[in-house]
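S.K.: Supplied in C-alpha cells, the structure appears directly below.
The values are calculated or read from the model by the stated rules, or taken from the named source; none is laboratory data. Given the structure is predicted, the values throughout are model-derived calculations rather than measurements. Here Cβ is always computed from backbone atoms with ideal geometry, including for glycine, and neighbour counts include all displayed protein chains. We work out accessible area using only protein heavy atoms, side chains counted, and drop any ligands, DNA or RNA first. Shrake-Rupley method; radii C 1.70, N 1.55, O 1.52, S 1.80 Å.
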Amino acid sequence: MKRNILITGGAGFIGSHVVRLFVNKYPDYRIICLDLLTYAGNLENLADVEHRENYAFVKADIADLDAMRDVMKKYDIDGVINLAAESHVDRSITDPFSFARTNVMGTLALLQAAKEYWMQSPGGFDGKMFYHISTDEVYGSLPVDCPDGTVPPFSAHSSREGQVAYGSSYFTEQSAYSPHSPYSASKASSDHFVRAFHDTYGMPTVISNCSNNYGPYQFPEKLIPLFINNIRKGLPLPVYGKGLNIRDWLYVEDHARAIDLIFHNGSPSDTYNIGGFNEWKNIDLVRLLVKVTDRVLGNPEGYSEHLITFVTDRPGHDARYAIDSRKLQAGLGWEPSLQFEEGLERTVRWYLSHQEWLDRITSGEYVKYYETMYSNR
Ligand code: NAD
Ligand code: TYD
C-alpha cells in the first residue's frame, strides 16, 4: 500500500462521500474509516465499499486518546482527514458540551496521537499530513446589503455567470473568526488547535472551511433532507423566522473533490475556503425545493406550498454566509461541477428513491429527540 489514510467521521454525510471517493480513486491506498457511529453515523452509507480490499472500518471515539494512539500505530497512518464532529447547530444550542467534547477535545486528542506517532517515526513529519475539515460558520455572519440580491458578485472570469449575491463582502481565508453558535465556536476552537500544532511542533496541517453542503446521505435534521422527507409525508416545513437568512450551497461530491485536491496538493499550514458562489435566501430555496419535489412526486405545481410554516427563529441565527473560493479555484484548479437546480433535483430523486434509508433513520431515538425539539418552539 502506498499510503495509509485515516478518515474520521467517515460514516457520516460528507465523510461517506470522501471515503467512497478515496477507496475508488486510490486502490493502492489503505483507507481506514473511523467513526463512533453516533446518531449521525450510519454504515449503510458505505455499503458499496465495505468489502473492498483497501478499506477498513474502526469504531472509536476521536476523544479517546489511547484509542487514537492505537489506531495510528496499528495502521501506520501517514495521513489524517478529520471529519468526525457534532455538526448540527440546533443540537449545539440544546447540548453545547457534546460539541466541545467531540469537536474540541476530540480534535485535540487526534492531533496529539498523530504528533506523537509521527515524531517518533523514522521520517518524522516528512510525507505526513493532518487535514482538518471545518466550516464557513467560524467566520460568523456577513451583512445583507441588498435583500433583492442585485449586488454584482466578482468579475465574470472568477465567479459563476448570472450569480446572485446578497452583499458585497465574502468570507476569505483572511476573515477574522467570529463564531456565534456553540457549534461554530467549537469548530473555531478546533481550527485554532490545528494551527497551534503546526506553529508549535511543525506538524504539517491544512484546514478547509466549506459552505453548506447538500446531497445524498445527509441526516434528515438538516434543512434540505428534512424538508424533502416532510413533503413526502405531508408534514409541516418549519422555516425559521421569516426565511430571510442566506446560505451558500455546495453539492457534497464537489466538496469531496476539493478535499481530495487539498489533501494531495494543498500547502502545509495553509487554509482554503470552499464554496460554490451559490447564495440562496432560505425561503426561496424552500419554494424551489417544494416545486422540484412536487414535480418528481407527480403532484400538481403548488401542491405542497401550504406545508411551509414560519416558526420561532433559531437564537443567534447568522444572517448570511458567502464564501470566496477564488484561492482554491485559481491555486488548485477546482470548480463546482453542478448548477444548483440540477444538484437539487438529483438530491430530491435520491431521497425519494431511498425511502427505506430515510424511514430507518427517522425512527426510534431520533424521532424522540426531534419531537422534543419542536414541541419547545
Ligand atoms: P455528520 O454529522 O453527518 O457526520 C459526522 C460523523 O462523525 C458521524 O458519522 C458521527 O458518527 C461521527 N462522530 C461524531 N462524534 C464522533 C466521535 N467523538 N468520534 C468519532 N466519530 C464521531 O456531519 P457532516 O455534515 O458530514 O460534517 C462532517 C464535517 O464537515 C464536520 O466536521 C462539519 O463541521 C464539516 N462541515 C459540514 C458542512 C455541512 O454542510 N454539512 C459544511 C462545512 C463543514
Ligand atoms: P442547516 O441545514 O441546519 O445548516 P446551518 O445551520 O449549518 O446553516 O440550516 C440551513 C438554514 O436553514 C439555516 O439558516 C437554518 C434554516 N433552517 C430552517 O429554517 N428550518 C429548519 O428546520 C432547519 C433545520 C434549518
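S.K.: Exactly one of (1) within 24 Å of ASP126 (Cα to Cα); (2) over 22 Å from the mean Cα position of the chain (by Cα) is unmet by GLY79. Its number?
M.R.: (2)
S.K.: Would you pick out the residues in segment 199-225 that are away from ligand 1 (no atom under 16 Å from the Cβ) and outside any loop (DSSP other than H, G, I, E, B)?
M.R.: Those that are away from ligand 1 (no atom under 16 Å from the Cβ) and outside any loop (DSSP other than H, G, I, E, B): ASP199, THR200, TYR201.
S.K.: From the list LYS242, LYS187, LYS222, LYS233, pick out the single residue that is at pLDDT 95 or above, within 16 Å of HIS132 (Cβ to Cβ) and basic (Lys, Arg).
M.R.: Matching residue, one of LYS242, LYS187, LYS222, LYS233: LYS187.
S.K.: In addition: Conditions: (1) touching a residue at least 12 places away in the same chain (Cβ under 8 Å); (2) within 16 Å of ligand 2 (Cβ to nearest atom); (3) not aliphatic (A, V, I, L, M). ASP95 meets all but one. Number of the miss?
M.R.: Here ASP95 meets the rest and fails (1).
S.K.: Next up: Determine which member of the set SER178, SER168 is open to solvent by 30 Å² or more (accessible area, probe 1.4 Å), away from ligand 2 (no atom under 16 Å from the Cβ) and either hydroxyl-bearing (Ser, Thr, Tyr) or farther than 27 Å from THR94 by Cα (or both).
M.R.: Values: SER178 fails: away from ligand 2 (no atom under 16 Å from the Cβ).
Exactly one of SER178, SER168 is open to solvent by 30 Å² or more (accessible area, probe 1.4 Å), away from ligand 2 (no atom under 16 Å from the Cβ) and either hydroxyl-bearing (Ser, Thr, Tyr) or farther than 27 Å from THR94 by Cα (or both), namely SER168.
S.K.: Separate question: All but one of (1) outside any strand (DSSP E or B); (2) within 14 Å of ligand 1 (Cβ to nearest atom); (3) open to solvent by less than 40 Å² (accessible area, probe 1.4 Å); (4) out of contact with any Cys (no Cβ under 7 Å at 6 or more places or on another chain) hold for VAL19; state the number of the condition that does not hold.
M.R.: Single failed check for VAL19: (4).
S.K.: Additional query: Exactly one of these conditions fails for SER375: (1) small (Gly, Ala, Ser); (2) at pLDDT 95 or above; (3) farther than 18 Å from ILE224 by Cα. Give me its number.
M.R.: So the condition that SER375 fails would be (2).
S.K.: Another question, then. Could you figure out which of (1) more than 15 Å from ligand 1 (Cβ to nearest atom); (2) surrounded by fewer than 17 Cβ atoms within 10 Å (Cβ to Cβ) isn't true of SER98?
M.R.: The failed condition is (1).
S.K.: Which residues, counting only those in segment 236-270, are of a type in the set (D, E, K, R) and within 14 Å of ligand 1 (Cβ to nearest atom)?
M.R.: ARG247, ASP248, GLU253, ASP254
S.K.: Can you find, within segment 114-163, the residue that is modelled with the lowest pLDDT among those that are acidic (Asp, Glu) and open to solvent by 20 Å² or more (accessible area, probe 1.4 Å)?
M.R.: At the first step, the residues of segment 114-163 found to be acidic (Asp, Glu) are 116, 126, 136-137, 145, 148, 161.
Still in the list and also open to solvent by 20 Å² or more (accessible area, probe 1.4 Å): 116, 126, 137, 145, 148, 161.
Details: GLU116: 98, ASP126: 97, GLU137: 98, ASP145: 88, ASP148: 79, GLU161: 59.
Checked segment 114-163; the qualifying residue modelled with the lowest pLDDT is GLU161.
S.K.: Right, here's the next one. Residues of segment 317-356 being under 21 Å from ARG257 (Cβ atoms), in a helix (DSSP H, G or I) and in contact (Cβ under 8 Å) with a residue 60 or more places away in the chain, which ones?
M.R.: Scanning segment 317-356 gives ARG326, LYS327, LEU328, GLN329, ALA330, LEU332, PHE340, GLY343, LEU344, ARG346, THR347, TRP350.
S.K.: How many of the residues in segment 291-316 are open to solvent by less than 60 Å² (accessible area, probe 1.4 Å), in contact (Cβ under 8 Å) with a residue 60 or more places away in the chain and in contact with a Leu (Cβ under 9 Å, 6 or more places away or on another chain)?
M.R.: Looking only at that region, the number is 5.
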